[in-house]
1. In which sequence would E394, E61 go, from the one with the fewest C-beta neighbours within 10 Å to the one with the most?
2. Taking the simple approach of a point 7 Å from Cα along Cα-to-Cβ for both S96 and D123, what is their distance in nm?
3. Can you spot the aspartates and glutamates whose alpha carbon is less than 18 Å from K307's alpha carbon? Ignore those fewer than 8 places along the same chain.
4. In bins 20 Å wide, starting from 0, what share of all Cα pairs of the chain does each bin hold, as a percent?
5. Give the aspartates and glutamates whose C-alpha is closer than 18 Å to that of K55, dropping any in the same chain fewer than 8 places away, or say none.
6. Going by a ≥ b ≥ c, the root eigenvalues of the Cα gyration tensor, does segment 100-152 fall in the rounded group (a/c under 1.5), the prolate group (a/b larger than b/c) or the oblate group?
7. Using only the Cα atoms, what convex hull volume per residue in Å³ does segment 34-120 have?
8. For segment 141-228, compute Rh as the Kirkwood radius over C-alpha pairs and then the Stokes-Einstein diffusion coefficient at 25 °C and 0.890 mPa s; write the answer in µm²/s, rounded to an integer.
Amino acid sequence: MPTLLVNASQVVTVAGPSRARRGHEMRTMEVLTGAAVAFGDGIILGVGPQDELLKRYAGAETIDCGGGVLTPGLVDSHTHGIFGKPRHEEQELRASGVGYMEIAKRGGGIHGSVRDLRTRSEDQLFALAVPRLQRLAAHGTTTIEVKSGYGLSVEDELKSLRVIQRLAAELPMRIVPTFLGAHEIPLEYRAAPRTRDEYIALIINEMLPAVAAGSLARFADIFCEPGVYTLDESRRILTASRAAGLGIKLHADELEPSGAAELAAELGATSADHLAAVSDVGIRALAESGTVATLLPGTMLFLGRPKQAPARALIEAGAAIALATDFNPGTSPTVNFPLMLTLAVSQLGLSVAESVTAATVNGAAALGLANESGQIAPRFSADIALFDIGDIRELPYWYGDNRCLRSWCRGIACHGGDGDGTFPSPSAGHPL
């Protein structure tokens, strides 16, 4: 039986082309009043005047939105949700003047998470990840990309990806797995007799074939940054990843300009992420390519770095921008996607329409899903969020506040409901 969502103050459809919206296209966002949404069998059946849909779907189950705002389910296209313990001690170190790369040199940062993850079983990692993803869903997120990258060995990377596969099978949200074996060079490969070249060979010759054979990932990612992976190393690994049948992504120009954005454009990567230090040449390259520029403003905020990604320059050049949380234990321990919209407006200079577009259809494009998710339109997946606001401009306005009442992915409840058997809200008893 179809379900009809009624009595919404606004239905923000973001309807339009089934692709990333580029440049000035991001300024346009369809907002309907007096409208309802019908869905069934996992897809949107109709969007339009409420009286018409009530007649067309007479007898359908109705859900009263209570004057709230309906949006496409938010698409978080960059997270690191598979990890063990938090890294709260690093926040104080940074406050005392110790930089990100210095913490890494001391064996902290990613290396600390690697040591911890290697001690944990798949069941432990799954149990830790479930409430984290529930929290993401509780903020209106219905599609979540989840990366490996804290294993950095064949066994532990495959273990992480199997956990992501299990999460995708058991949770109602759409979960997109990404292989990030090239998140760092493990400490054991940084000194003779083992070398970084040996680890890169391990990624190419052992990890990638195992990931592909098990259909464990949709994308491969790499941290292309001075002090981590070079441009040449990134090109080798990403070329091998594509040959293995994976889409490709890059952590690009996060802390220093390195040419990573240009490499992403050259290789036709699905997305280049971070970009706080992207060069003017990199901006032009992204604007002239099909690569989505995924911005992660929560990371720069948490790191206390004054310079955010040049969002306006990217948009004015004609690039497609997405937003994501970068949820991870070290540099962005937040599950609050609407907070990213707040930062997009207040720090990146985006309009509300641009920020909502970046969090929905462009986030979907950053995962190769723009023809399936990211807008409320007929035949699209029934990925919908209901917020306790009266106007879409309130979503970034109430910063830090969770206004999500309910959400659905493929028409299945991800969050909310009143004892009606829908997916449970996050448990306050689980640690981040």
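Readers should treat all values here as calculations from the given coordinates under stated rules, not as data from a laboratory. Every value quoted in this text rests on a predicted model; they were computed, and no experiment measured them. Here the Cβ positions follow ideal geometry from the backbone for every residue, glycine too, while neighbour counts run over all protein chains shown.
1. Numbers: E394 16, E61 11.
Fewest to most other Cβ atoms nearby, the residues stand as E61, E394.
2. 3.9
3. Qualifying aspartates and glutamates at Cα under 18 Å: E225, D253, E254, E256, D273, D280, D326.
4. Per 20 Å bin, starting at 0, the Cα pair percentages come out as 28, 58, 13, 0.
5. Excluding near neighbours in sequence, the set is D64.
6. It is oblate, given that a/c is not under 1.5 and a/b is not larger than b/c.
7. In segment 34-120, the Cα convex hull volume per residue is 196 Å³.
8. For the chosen part, D equals 181 µm²/s.
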